[in-house]
Structure formats: C-alpha cells, structure tokens
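Remarks on the structure that follows.
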Amino acid sequence: MPGRVSRAAALVVLLAAAPLARALEPVSVSVQGVVSATEVGDAAPRDAAYRAGLVAAVMEAARGILGPEKYAASADALREKVKPEAQRFVLTYRIDGALEKRHSALDPAVEEYALPITARIDTAQLRTMLVKEGFLHEAGDRPSLALRVRPVGALESGAPAAALAHLEQSVRQTLTAKEFVLVDPALRAGVAGDSASALELARAVGADVALELEVDWRAAAAGASSVPGGVAEVRARAQRTDDGSDLAVARFEAAGYQADRDAAISRALEAVEPQVGSNLALQLERNWQAIAATDRPVELGLDAVSSLEQVLSVRRVLLQQLGARTAEIRELVPHGATLQVVSPLGPGALQEKLASVRFDGFALAPEEAGAGRARLRVEAHPAAPENLAPGTAPN
C-alpha cells in the first residue's frame, strides 16, 4: 500500500563511532532521506526528503545509543517523538548528491524521492532526551532489589511451593524487563535467604531495596460454591535498606476455584501476578527517583587476581560502562586488589553488573556484599570477550 511504503526510510551508509554505550561525542551518520511522491503534496520534494533525512540520521544515532534490541522495541514511538524536533539534534549536515526520483524497492508501483545526506548528530543532547522520555535509563535510576516470597497465615504450614516459585519468577521477570537489578542471594556464600527477613537479606547482599511478598489464602466457606476454592492475597512491601523507609506498599487479591487446593491457589496467584509486578515497578520507579541518593562510595574487593591488567579491565568497565564517576585503586596485594568506586549503583547492583560482564580471559563471581562494600572473585574464562550490549542501561 502506498501509505505504508511512503514512511520516511533510511538506508545506512556509514555510522561512525558505533557502538555508543555511553558516547557523548558527536557522530556522523550518512543516510538517505526518502519520501513517497504521493505524499509530498505542495511541499518541494527536495525539502521533504531533506526533512526525512534529518529524522533518519537522528534515528540511526539513537540506534547506536540504545542498541539493536531496545531500538527495535521502541522505534515506532521514538520516531514519533523525533519527527517534529529532529533538527535540534543536528549540529551540521551536507547534501551528498542530487535528488533522485525512483521506484520503491518495496513496491515498484510506488514512486519516491531520495536525497543522500550526511549529518553530525549531538549524541549528548540526544541521549538526554532518550533518558527524559523513558527510552533509556541512567545508571542508578533503578534500585537493586532483594526479593523474598513468604507464605503466611493459612499457607505458613502448607504452601504449594511451585505456585509461590511461579509468582516469584513472574515478578522477577517483570521487574527485570523494567531494568531493575534483582540481586540473587544464592550466589553469595553464607547468605541464608530462607531464614532472614527481606530487609536483613537485602542488607546482607548489598541491595538498595528489600522487597517482601507475603502470600495468604482464604478458603471459601463450605456451600458458598459448588467447586472448592478461595481467595489468594499478596501483600507487598518494599523498604530502603539504608533507613528502612517504605518505597512501595500494596495488596492484591484474586480468586481461584479447583477441587484440588494447591491447583486453586495456583490459579489465583497466576491471575494476580501481572498486577503485582506492574504495580510494584510503577511505585518503585516513581519513589526511587524522588528520593534516591547518588554517587555513593563502595569499597570493591577483588580476590584471586593474577595480573594488574585484570584490575585495570574491571576499572575500565566501571568507568566506561557502569557509570562510575571514579574508580580508584586503593590497594594491590598478592592475588588481590581493592578499589574505591563512586557510583550511583549500590554494592549489590555493582556485583550483579560486573558478574554479567565477560572480560578478556576471565569473569567475576560474587562473594559477599554489604553496606558500602562488595567483593568478587576472579575466575578464568576461556570464552571470547563479551561486555554489556551497546546501550544497555545499568540500574
């Protein structure tokens, strides 16, 4: 259909300085501004193709900042945002050739105009817009979380483990998709996740926030329904680990009916899962941004170090990918090192992020974390280097 083919399109010739995980330097992008001949209307074709080219150039620069996956997921919404204000991100431009009228490669029946343009894009300003509009998250604007799901009341002595595990996994997936950092206590030696309260657990693993979900069950009264069942209740509370203040408080209910009690509970929890994750994500995002501290110093210890280059590699990732303002090497000892890191990320989040990075010949495994400190162990890793994906927003 002409209307579909005629959307401004870009043919990328060159994108300098990609990938742009945290790039602030301007980049030059060569594209073709393309418009359908049927949609030009009274406007001069060259002017319309020029405007389409500026939009295409800004979109390609945004692709470099966001990375392919994030870009693909948000391209349509981002284009609508960029379209009316693309020119403000363009520092300079040049026309690289004459306006061409041609048949569309997508539909030969459609004629289009194409104009080659090279534009220099202000990526610092573009990145600021991406953050402001929610397309990209800065390091530290999402807290790290320690999550605990606890059966209470009627479920305290007989909870269906599979149903509770499913609830926990669902909430984890929702929060992770919103770029919160979920700290896994299982990776920390000596941390008893089952026995500790959520707040104690979060403090033990160096997370910013303790998130506890209490799950209860009220069986339906006999005769109230022809099918046995009841109502599941999930009470959620998120607390800051530094002072214990509340960041999110919520309560959710859903009914489930099945002859088997555990099956009824599972149905009720599956019904309530989407509400739990989405509501908590909204509260945490809003409240954390309002009160979160920034630039918190963390003492970062490295064990089993075999070379100075390993320490320097960790330092580079902290500064270039994880948004640390400073990362000073404070101590070098045989097989160990200590860095003082000033960063918006808390100890638990730093651990999780560093453990997800594959360095050249080694990886890091979490050991322990707490208030203002984190410790990781260097482990030999034969795989090729694989750092954070371009545009991945640290949390």
message = Run the reach check for K178 against lysines, Cα to Cα strictly under 28 Å, same-chain hits fewer than 8 apart removed. What comes back?
response = K70, K81, K83, K132, K353
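Sorting I117, I329 on the 10 Å Cβ count, fewest up front, what's the list?
Arranged by neighbour count, lowest to highest, I117, I329 become I329, I117.
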message = Pairwise over distinct Cα atoms, reciprocal of the mean inverse distance: report the Kirkwood radius of segment 144-291 in Å, one decimal place.
response = 15.8
query = Alpha carbon centre of segment 113-171 versus segment 343-372: separation in Å?
reply = 18
request  = Would you mind working out the magnitude of the charge dipole of segment 223-363 relative to its Cα centre, with +1 at each Lys and Arg C-beta and -1 at each Asp and Glu C-beta, to the nearest 20 Debye?
outcome  = 220
task = Report, ordered by chain and residue number, the aspartates and glutamates lying within cross-link reach of K101, taken as a straight Cα distance under 15 Å and ignoring same-chain residues fewer than 8 apart.
result = E39, D47, E111, E112
ask   = Which order do peptides 47-54, 118-125 fall in by mean Cβ count within 10 Å, highest first?
value = 47-54, 118-125
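Here, each number is a calculation from the coordinates, and none is a lab measurement. Quick caveat, the model's predicted, so the values are computed rather than measured. Backbone-built Cβ (ideal geometry, glycine too); neighbour counts: all protein chains shown.
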